[in-house]
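The values are calculated or read from the model by the stated rules, or taken from the named source; none is laboratory data. These numbers come from a predicted model, not from an experiment. As a convention, Cβ positions derive from the backbone with ideal geometry for all residues, glycine included, and neighbour counts pool all protein chains shown.
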C-alpha cells in the first residue's frame, strides 16, 4: 500500500496542537497472581558473584513471565493504555518488562497499545530472547467529540519500545488494522534493538480518520521489514537493517542503515543517507542472565559503523550487575543519591517524578545513569537537576528533565564552561546522552536560561527532544506563555568534537541551538521556531529580524550538519519575520548538507541560510524550501 501525505487538512491539524485540561492520573490495580509488580527482582548481591540478593524496582515496574496466561497480560496492558492514552501532562510513569520467552500465540496474539510515559522492553541479552507474537502499536489520538474526532499523531510523545522481537500477528483486528504494525508517534519516542518480522511497520496510522501528519521519531540498532513512512514529517534511522522504505514528507535521514534508500534524487524524495555513522553508542539496557540475575549491559562506542550490533551475539560492551547500581525511588533525596554516587555506585532511576532542589552530581568517569519508564527530574528552586563533570564515559539514558517554577541557569550541564583549551576526556569513550528529553512548560510553568549545555569535549548526543512547550495545562494564552514559560536557548554546545544523532529542539526564545565547539557533527536536526512572540520587537536579534533555528558560532572553522529542517508557525503574530533558518560562518570547513525551511501557515522565514534560499512564506504553506549543500560544491 502506498500512502500519500495528506493535504492541507492535515497541516491545519499540525498547527493546532490541543490545549488539554489537567489529565486525571489513574491508578492501575495489578493482580499479584498475574505479574511481578514492584516486588523484588532477582539480582547479584554485593559480594560474591554466585550469591543472590534482591532489588526493589518500585511499584511502577511490572515484570511479565512467559508462563503467565496471555489473557491476563493483555488485560493488564489494556488497562495501562486506557489510563495513559490521554494522560499527556500527567505524572504517572510505568515500565513493562518481559522476561526471556515467547508471549502470545497464532490463535491468541498479544496486541499491545502504548500510551504516554510508558516503556515496553524485553529483558533478554538479545532482542531474539523475547518474542511477542502479536503487535506493539501507537495509534492516532482522538481529541474531540468524546474521543472520535480530531484524530492525529502530532502529540504522541514520551514512550519507549526496545529489546524484543515482534512477529506481527493481527488476528482479531479489522482489515485496515491488519495491514501493518502501526507506530504513529512524534517527538521523544524511540525504537531500539527491535527484530520485527511477518508484516509491515507503518510510522503513521492511516486507519483512524485517515493519514494525518506525525512529527518525528527515532530508530536505532533494529532489524525491520518494509517500512511505510507515509506522513511522518521527519525521522532518523540509525545503524539498522530495513527491508525497504516508502514515502517521505520533509526530512528523512539514514545513517549506517543496510537497505536505506539512495539520496541521489534529493529533494524528491527528501532522503539523506550516510553509509556509516561516524560515532555511535547504543543505549544501555536491563537484562536477566541465565541464573535469573538482573544486569545492565553498557554498549561501547563505535566509529564508522553500519547495521545492528547484535547480529553475532551480545552487543559489544560491558556488563554491570544491578548490585553496582543505587536503585532510586522518587522518595529518595538528592543527598542520598549523591552519597551513593560518591561511593562509586551507578544510578538506576525507577519510574516516577523526582523533585530536585540541588544538582544530582555525576563526578566519576564511566558512571551510568539509567532511567526506566521516562523517569523525570523536575527542577525545584531554580536548581540544575543534573550536573556531569568533565570525565569520560558517563552515560545518561532514558531520563526526562523538566524546568521548574523558578528559573534555572541550565537543566543538564555536561562539563565546566569551555575555556578554549579543551578538556581531558577520551574520544574513545565519549560521555553519551541517549533518549534524554527536556521540557520547559507543558505540565506546569517552567523557566530556564538553557536546557542542555555541553562544555566537555568528545560528547555524543544520541536522540534528544529539547522542548519549550507550545501547549500545556497551564491555561495561558500565547502572549502569556511568552512571558511565563521562559527558555532562552535549547541546546548550547561549547565542547569540541561533539556529535549529535537525532537533535530535536523546539520553540526557544532566542537561538534554539548554538554550536560554538569545533569539529561538531549533527545528523538530523529538527526545529520549530517559537509560536508565541507577541511582536516583531520581541523577536529581534539586535538589528536582525529573528533568531535562526540553528546557529554555528562565528569563530567556528569546522562543522558538519546532515539533514536539517527549521519550521515557522508564528500563530501569535503571523506578520513576524525570521531572517534565516540557519546561520553559520562562511568557512570552508563548515558544511551543511540537505537543509530546508518550511512554513506551517503563519510567519515568514526569509532565507534558508545566510541570505540564501527563497522565503518560506504563506504563499507556499507546507512546501519546503531546500538547499542541497552550503556552501555549494
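Before moving on, here are some points about what is shown:
Here's the yes/no breakdown for (1) assigned by TED's automatic domain parsing to the domain that holds residue 220; (2) over 23 Å from residue 573 (Cα atoms); (3) modelled with pLDDT of 95 or more:
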{"residue": "407", "(1), (2), (3)": "no, yes, yes"}
{"residue": "410", "(1), (2), (3)": "no, yes, yes"}
{"residue": "422", "(1), (2), (3)": "no, yes, no"}
{"residue": "438", "(1), (2), (3)": "no, yes, yes"}
{"residue": "459", "(1), (2), (3)": "no, yes, yes"}
{"residue": "476", "(1), (2), (3)": "no, no, no"}
{"residue": "480", "(1), (2), (3)": "no, no, no"}
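- One residue from 513, 484 being in contact with a strand residue (DSSP E or B) (Cβ under 9 Å, 6 or more places away or on another chain) and under 25 Å from residue 587 (Cβ atoms): 513
- The single residue among 65, 78 that is farther than 30 Å from residue 154 by Cβ, at pLDDT 95 or above and surrounded by fewer than 19 Cβ atoms within 10 Å (Cβ to Cβ) turns out to be 65.
- Test: residue in the stretch 581-592 that is within 24 Å of the chain's Cα centre (by Cα) and surrounded by fewer than 24 Cβ atoms within 10 Å (Cβ to Cβ): no
- Among the residues of the stretch 539-553, the ones that are assigned to a loop (DSSP other than H, G, I, E, B) and either under 29 Å from residue 235 (Cβ atoms) or in contact with a strand residue (DSSP E or B) (Cβ under 9 Å, 6 or more places away or on another chain) (or both) come to 6 in all.
- Residue 124 being over 15 Å from residue 184 (Cβ atoms), at pLDDT below 95, outside any strand (DSSP E or B) and outside the structural domain of residue 373 (by TED's automatic domain parsing): no
Yes/no per residue for (1) outside any strand (DSSP E or B); (2) within 16 Å of residue 493 (Cα to Cα):
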| site | (1), (2) |
| --- | --- |
| 347 | no, no |
| 364 | yes, no |
| 369 | no, no |
| 378 | no, no |
| 390 | yes, yes |
| 393 | yes, no |
| 398 | no, no |
| 413 | no, yes |
| 426 | yes, no |
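- From 487, 495, residue being modelled with pLDDT of 95 or more and assigned to a loop (DSSP other than H, G, I, E, B): 495
- All strands (runs of 3 or more DSSP E) inside the stretch 136-242 with 2 or more residues being buried (at least 22 other Cβ atoms within 10 Å of the Cβ): 159-168, 189-197, 217-220, 223-228
- When 480, 474 are checked against the criterion of being surrounded by fewer than 24 Cβ atoms within 10 Å (Cβ to Cβ) and out of contact with any helix residue (DSSP H, G or I) (no Cβ under 8 Å at 6 or more places or on another chain), a single residue qualifies: 480.
- A single entry from 249, 298 fulfils the requirement of being in contact with a strand residue (DSSP E or B) (Cβ under 7 Å, 6 or more places away or on another chain) and either in a strand (DSSP E or B) or under 27 Å from residue 126 (Cβ atoms) (or both): 298.
- Test result for residue 286, in the same structural domain as residue 138 (by TED's automatic domain parsing) and either farther than 30 Å from residue 429 by Cα or outside any loop (DSSP other than H, G, I, E, B) (or both): no
- Under the condition of being in contact (Cβ under 8 Å) with a residue 40 or more places away in the chain and part of a strand (DSSP E or B), the residues counted in the stretch 567-580 number 5.
- Among the residues of the stretch 257-280, some residue qualifies, meaning at least one is under 16 Å from the mean Cα position of the chain (by Cα), modelled with pLDDT of 95 or more and surrounded by 22 or more Cβ atoms within 10 Å (Cβ to Cβ).
- Scan of the stretch 595-608 for residues that are under 29 Å from the mean Cα position of the chain (by Cα) and either in a loop (DSSP other than H, G, I, E, B) or surrounded by fewer than 24 Cβ atoms within 10 Å (Cβ to Cβ) (or both), ordered by number: 600, 601, 602, 603, 604, 607
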